[in-house]
1. Restricting attention to region 149-169, does a residue exist that is at pLDDT below 80, open to solvent by less than 70 Å² (accessible area, probe 1.4 Å) and not polar (S, T, N, Q)?
2. Residue pairs, Cβ under 6 Å, 6 or more apart or interchain, first in region 18-35 and closer than 16 Å to Arg99 by Cβ, second not in a helix (DSSP H, G or I). List them.
3. Being open to solvent by 60 Å² or more (accessible area, probe 1.4 Å) and modelled with pLDDT of 90 or more, is that true of even one residue in region 59-78?
Amino acid sequence: MSSSAARRLKAEDRREQILAAAAALFVERGFEAVGMADVATALQTSRPTVYAYFASTEEMLGALLDDRLQDLPARLEPLLTDESELSFGRLFLALLEERELLLLLGSGGGPLFRERRRRFLAAIESRLELRELQRRRMGPGREQPLLISLVLDLLSSAAYEQVTAGGADPETRAQVLEKFILGGVAAVAGHGSSGQDAGISVS
């Protein structure tokens, strides 16, 4: 076998190599600043080689996010189906384990990113068993789907800030978030029908 043949990668391995290089560049420079030539240069290969697998950086990004979002529910399942009461602090710490996904979702601001961020939050929300969660937190008949969405936005934003800026100890931040969210939920639940004035649906 020639040395060039020995260096030749299987198609699936080459595809994964291209995606890994693209992910690193998207996170480092921002999606809009990365072109196909940049990916080829990072891999020390030719642009035609990269184009043989992906037609554009948008296609690369879509593949990266789809792969990670597809597996997200399974990764979160043990936490979200735990028989013990859901801890928002634990959910925050679980989101920190999704570092690359958070960084990829934060690497751009176009429609593709907005759609994938929506899917990211929906993947979590679909596992929360919302009606049961709302009954435990707010009592029967007090369904507040908007509140759940706000909580998930807060947790994902806090997780993104943690992985990009650091700062507070993650465990400390998790405890603060838990108290803050539970205090807010209790305040809204005790607000009665006036919650409708704030745009929150209260049955």
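1. There is no residue in region 149-169 that is at pLDDT below 80, open to solvent by less than 70 Å² (accessible area, probe 1.4 Å) and not polar (S, T, N, Q).
2. Listed pairs, sorted by first residue: Phe26/Val34; Phe26/Ser107; Val27/Ser107.
3. Within region 59-78, one or more residues are open to solvent by 60 Å² or more (accessible area, probe 1.4 Å) and modelled with pLDDT of 90 or more.
The values are calculated or read from the model by the stated rules, or taken from the named source; none is laboratory data. None of the values given here were measured: they were computed from a predicted structure. Methodologically, a virtual Cβ is constructed for each residue, glycine included, from the backbone with ideal geometry; neighbour enumeration extends over all protein chains shown. Ligands, DNA and RNA are stripped out before the accessible areas are found, and what is left, the full protein with its side chains, is counted by its heavy atoms. Shrake-Rupley method; radii C 1.70, N 1.55, O 1.52, S 1.80 Å.
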